[in-house]
Structures are given as structure tokens and as C-alpha cells.
Amino acid sequence: EPEVTQTPSHQVTQMGQEVILRCVPISNHLYFYWYRQILGQKVEFLVSFYNNEISEKSEIFDDQFSVERPDGSNFTLKIRSTKLEDSAMYFCASRDRVGYEQYFGPGTRLTVT
Amino acid sequence: TQLLEQSPQFLSIQEGENLTVYCNSSSVFSSLQWYRQEPGEGPVLLVTVVTGGEVKKLKRLTFQFGDARKDSSLHITAAQPGDTGLYLCAGFTGDDKIIFGKGTRLHILP
């Protein structure tokens, strides 16, 4: 069964460093999403992406964040200068053209020290 | 700001009992999804409801979308220890943004 994959599973970085989180969505899906979940809190929407551009973004997704689909399979989230408060699980999700079903990846745990 | 309120936050019941958990909002959603999330893992989609009043069944789980598409419920019949977990609802707004509730943490005692 097709699934969304994410790498790395855990990333530790120092404050101020850039990180890139990678996702491979389900192959025939057209809509892509990033979410984050701070430990013990709810899943928060960051950004949606369709047709090589951002569809929607939340207040969390400021100038420090960017997304890219560099090729036909990968979808990346970059944080330019990480802060302690960026420590969280980051989930990628995708869905196809028809329907609302989103499928989530297993997440990347980002720890900023 | 659109919000989804889930209730109760925590529920602990005996195996074999029935239960209902709720997801409420003052906003209308294009669709509403229910997920289950295990610790340290991504949410796993259980069901999507789209039409007001829609009812979907998944074995012992029954999901209902409110007539006005602002709320939903999840009913579990004859709960089993394997049903233990965090149940999340998420609403799809018309502009490709998804809002999650905080979840109901369910614990089924054997």
C-alpha cells in the first residue's frame, strides 16, 4: 500500500542552524501539506502546496520557513534559522485531486538545542 | 479563528461498554476527518465525512457529520482494549487549510 515517507526520523540541530526536512508523498497525489505538533499539543497546520506554489499558510509559517518540490517526488520544508521553540514533530501529508483524504507520514522529530 | 473542540479530553471505560466522543465548532467545514494517533507516530486516517447528516460505519465505529456540517461524533460499540488511543478530528476549510482538534484520549480497561 502506498505511503508517505519522511526523512530523517530524528534531527538534532543547534539554534540558528538551517534544517531541511524531507518528504516523499504518495506518487499520484497532487496536494501536499506540512504540519507540526509540539509535544503534548495539537497538530497545527503550517502550509499547503499545489501546482508548485503555496495554496495556504498559517501564522506560524513565517519568513523563516519555506517549502519546495525540487523534483517529481520530494517535498521539503526548510527552516532557515532554527529557534528553540521550533522543536516539535513535523508531519508531511498528501492527498489526491479527488476527495479530502489526507495521508500522513510518520514524522520527523526536530530537536533544537 | 476557526476552532474544533473535542470532548471529552480523556475517557476511561471498561471493555464492552459503548462510548461517544464529540467534535464541535461554530464554523462550517467542507469535510471532517477522524484520525487515530499513537505516541510518536503520524495520524492515521479513519474516515472522512462530507455531506451534512452523513453516517459512516467502520466495524464497531460509527461516525456522524452534523446536519449543518459544524460538528461530528464518533460512537464506539463494545469497546475493546485495542481501541485505546488518541482520536483526533480535523476540519477541512474551503481554502485547503485543515484545522485539528486537541483530541480525545481514550483508555479501555480490560
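Tabulated results
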item: Shielded residues, the stretch B:66-110 - accessible-area loss of 50 Å² or more between chain alone and all protein chains, probe 1.4 Å; result: B:Phe92, B:Asp96, B:Lys97, B:Ile98, B:Phe100
item: Accessible surface, per residue, of the protein assembly as shown when the full set of protein chains is kept, probe 1.4 Å, Å²; result: 49
item: For chain A, built as a Gaussian network whose Cα springs stay under 10 Å, the top-fluctuating residue of A:Val67, A:Val12, A:Val98; result: A:Val98
item: For the stretch A:16-80 and the stretch B:1-53, distance of Cα centres in Å; result: 24
item: With every protein chain in place, the protein assembly as shown: carbon and sulfur % of accessible area (1.4 Å); result: 48
item: Exposure rule at most 15 other beta-carbon atoms within 10 Å, DSSP loop trypsin sites (Lys or Arg not before Pro): chain B longest free segment; result: B:1-58
item: Gyration tensor over alpha-carbon atoms, the stretch B:5-109, equivalent ellipsoid semi-axes in Å; result: 22, 15, 11
item: List A:Tyr31, B:Tyr87, A:Tyr103, ordered by accessible area with a 1.4 Å probe, largest first; result: A:Tyr103, A:Tyr31, B:Tyr87
item: Rounded D (µm²/s) - the protein assembly as shown, Kirkwood Rh over Cα pairs, Stokes-Einstein at 10 °C, 1.306 mPa s; result: 88
item: Selected from B:Gly85, B:Gly94, B:Gly66 as most flexible by GNM, with chain B as the system and alpha-carbon contacts under 10 Å; result: B:Gly94
item: For A:43-56, mean number of other protein chain Cβ atoms within 10 Å; result: 3
item: For chain A, built as a Gaussian network whose Cα springs stay under 10 Å, the top-fluctuating residue of A:Phe91, A:Phe32, A:Phe65; result: A:Phe65
item: Relative contact order computed over the stretch A:5-97 (Cα-Cα under 8 Å; 6+ residues apart), in percent; result: 40
item: For A:92-102, mean number of other protein chain Cβ atoms within 10 Å; result: 4
item: Too-long pairs where the Cα-Cα distance tops 28 Å, listed order kept, from A:Lys83/B:Lys70; A:Lys83/B:Lys97; A:Lys78/B:Lys97; result: A:Lys83/B:Lys70
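The values are calculated or read from the model by the stated rules, or taken from the named source; none is laboratory data. All values derive from a computational prediction rather than experimental measurement. Note that we place each Cβ from the backbone using ideal geometry, even for glycine, and neighbour counts take in every protein chain shown. Only protein heavy atoms, including side chains, enter the accessible area calculation; ligands, DNA and RNA are left aside. Shrake-Rupley method; radii C 1.70, N 1.55, O 1.52, S 1.80 Å.
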